[in-house]
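Student: Would you mind keeping the following structure in view while I ask a few things?
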Amino acid sequence: MSARPKLMFPIAALLLAALTLVAGLMMSEAGERDFAFWITLVPILLAECMLGLSAAGIGGEQSGCFPLFRAGSGMAAVSYLGFTLIMLIPYSHGCYSETLLVVQSAGLVFWVVLQVLFWLAERDGGDGPAFAATGCNKTGFSLESATLLSDLKNRCPEQSALIRECGRLAEAARFAAESVKGTEQIDEMICMGFWRLRSAGLQLPPAQMLEDMHKLQELFQRREEVIRRLR
């Protein structure tokens, strides 16, 4: 994913957090905004921001350090957001602020533990080629691109622009670097792109197919940058 689309997730999360804050302030009187109110609202805002950063995979491709927000651990962010929303129930029933503080702190600690477990699971995955069994690697890319090119030549011989662009895509796949530990996410995105092109691509308008191929080439370029950084 390029930098610009990745930035959209944090921006959307900030907008959502701002709307949540405004809604919370509008739904409560000034005298009702005690410690219990803020200890319930602030974790929701924090969870929404965490979700945006995790969806963007911030820090997910950094090596040699613990990445706090990663797209692979988005499940942890979603779980924490769900937990903070559930905490609205005890707040609405007049739960003590001290109890809310203890439970909210436990939820935040649980989120951090989930992040660490996801990170350790990724590190323990070994140093071999990523997704070797599923074909989400250089060999799988080459086979998929060659098959797609052959299908286009056989079924759409008049689409010279598509065939030419698919040839460039096949070249990018053929000369791509071998998968390494840390490229699993982008490898899977490339595989999904090839799957979409092969399953529905030939029924799509040529302009849409060209756009999808351009996106795949951008993913290959991004993948090469990631591999250079990891090495």
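The values are calculated or read from the model by the stated rules, or taken from the named source; none is laboratory data. Please read these numbers as outputs of a predicted model, since none were measured by experiment. In this analysis, Cβ positions are derived from the backbone assuming ideal geometry, glycine residues included, and neighbour counts consider all displayed protein chains.
Student: With 184, 158, 171, 165 as the choices, which residue is in contact with a His (Cβ under 9 Å, 6 or more places away or on another chain) and either outside the structural domain of residue 211 (by TED's automatic domain parsing) or of a type in the set (Asp, Glu) (or both)?
Tutor: Values: 184 fails: in contact with a His (Cβ under 9 Å, 6 or more places away or on another chain); 158 fails: in contact with a His (Cβ under 9 Å, 6 or more places away or on another chain); 171 fails: in contact with a His (Cβ under 9 Å, 6 or more places away or on another chain).
Answer to the selection: 165.
Student: With 106, 77 as the choices, which residue is assigned to a helix (DSSP H, G or I) and modelled with pLDDT under 90?
Tutor: 77
Student: Considering only the range 163-208, how many residues are more than 22 Å from residue 227 (Cβ to Cβ) and either in contact with a Phe, Trp or Tyr (Cβ under 6 Å, 6 or more places away or on another chain) or modelled with pLDDT of 85 or more (or both)?
Tutor: Qualifying residue count, the range 163-208: 5.
Yes/no per residue for (1) surrounded by fewer than 17 Cβ atoms within 10 Å (Cβ to Cβ); (2) aliphatic (A, V, I, L, M); (3) out of contact with any Cys (no Cβ under 7 Å at 6 or more places or on another chain); (4) modelled with pLDDT of 90 or more:
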site	(1), (2), (3), (4)
34	yes, no, yes, no
63	yes, no, yes, no
71	no, yes, yes, no
86	yes, yes, yes, yes
110	yes, no, yes, no
122	no, no, yes, no
